[in-house]
Amino acid sequence: MATTLDIARDNPNAPTVTAAAAASLSADDKPTLVGFSRQELGEALGTIGVPEKQWRMRASQLWHWLYVRGVSDFSQMTNIAKDLRAKLDEAFTIARPEIVSEQISVDGTRKWLFRFPPRGAGRPVEVETVYIPEEGRGTLCVSSQVGCTLTCTFCHTGTQKLVRNLTAEEILSQILMARDRLGDFPDAATPQGAIVPSEGRLVSNIVMMGMGEPLYNFENVKKALLIASDGDGLSLSKRRITLSTSGVVPEIFRTGDEIGCMLAISLHAVRDDLRDVLVPINKKWNTEALLAACRQYPGLSNAKRITFEYVMLKDVNDSNQDALDLVRLLKGIPAKINLIPFNPWPGSQYECSDWERIEEFADIVNRAGYASPIRTPRGRDIFAACGQLKSASERMRKKDREAIAAS
């Protein structure tokens, strides 16, 4: 049976947001240092009187405390003088976001609902983040937007209109919070009974497959992922970071060139007429344009394959002919094809393909020489599976946002 945790009750050592910090976050009074580049950290230090000749050294100290030690309070930065810590605390924040809820599936999958400040949205916003533990790795599914503009008809997130983009800090905070809650920082304890990898890092892989289209928030996603993969900080391998796009063609090359992570394509259909319905962005950049961009992805090779995601919809896209056409379509592209059993959600018009049908589809793709693993549905009981994420945040009317901002 899935459980929903009371955060303070179940882990009294979990990081909390004080009332004062929460108030400042809500009002956007204090800028956060999370998500700043080293150069920006140095410039921020300059605003509180730190001499420029110390910027590089002090920025390195802050970077270490934020991303290696995982602290969320300046008072924990013990190799920084007390007076400087006080100045930092007065001017900035590194507090974590509020956890609205934490749900744990029967299979060990965890889903968090995080709350962030309005930042132009009129009211605080909420996003979902999912942790999937497996033997040998722990994968964190991270959101890039509150809501989504793409309206993919099989995806629950697509029923939530876009409220706003997440900042680089908010994207990174999802990673930091997950590591906090799992005990994945030095000297931190893993919650008793938690299902996690038996050895190594508990959060070892990041997938930008949560709420939103990452490439419609390119700059913030880029900044966050470059910090996440920095060797002197969170130090996640770029080969363990995967960005999934529904097909924002102009940003695909930039993703490989400027971020250097692995690429996943939300494909789901082999014909433009069907993909126009399932993934409406196809009307702007069709399958031909999308696959042309994939063929030009920097570093593309058998060692750096593109993952094509294909949701299995009963009597929609799951025929043997679809499988044969899929193989033909991807010819010449070093690729892996993830077959995703459809995960139902309230109001959905689709059904999941029968298991025998999925296996026959996979056999056709496998015989053509492509790896085509069938993704085991995880966290369905807490609506944490692929395509099920959604929050209650709604975009306020412009005049209402302006009234709140003026008050």
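Points worth noting:
- Dipole size of the chain about its Cα centre, with +1 on Lys/Arg Cβ and -1 on Asp/Glu Cβ: approximately 800 debye, rounded to the nearest 20.
- Figure note: His64, His156 ranked by solvent-accessible area, largest first, 1.4 Å probe, ligands and nucleic acids not counted: His64, His156.
- Each Lys or Arg adds one and each Asp or Glu takes one away; over the other residues whose Cβ falls under 15 Å from the Cβ of Glu90, this sums to 0.
- Sequence-distant residues sharing a close amide H with Ser101 (under 5 Å, placed H): Leu113
- Using C-alpha pairs below 8 Å separated by at least 6 residues, the relative contact order for the chain is 16 percent.
- For Ala371, residues with placed amide H under 5 Å, excluding near neighbours: Ile337
- Computed on region 194-324, with alpha-carbon pairs under 8 angstrom and 6+ residues apart, the relative contact order is 22 percent.
- Subtracting the Cα-Cα distance of Glu134 and Asp272 from 0.36 nm times their residue separation leaves 46.2 nm of extension gain.
- Converting phi to 3J(HN,Hα) with the Karplus coefficients 6.51, -1.76 and 1.60 and the offset θ = phi - 60°, region 121-138 yields 8, x, 9, x, 10, 10, 9, 10, 9, 10, 10, 10, x, 9, 5, x, 7, x Hz in sequence order, with x at every glycine or proline.
- Highest-first packing order for the peptide set 347-357, 174-184 is 174-184, 347-357, based on the mean count of other beta carbon atoms within 10 Å.
- Secondary structure note: in the chain, about 50% of the DSSP beta bridges are antiparallel.
The values are calculated or read from the model by the stated rules, or taken from the named source; none is laboratory data. No experiment lies behind these values; they were computed from the predicted model shown. Please note: Cβ atoms are built from the backbone with ideal geometry, for glycine as well, and neighbour counts cover all protein chains shown. Note: accessible area is taken over every heavy atom of the protein model, side chains too, but ligands, DNA and RNA are not part of it. Shrake-Rupley method; radii C 1.70, N 1.55, O 1.52, S 1.80 Å.
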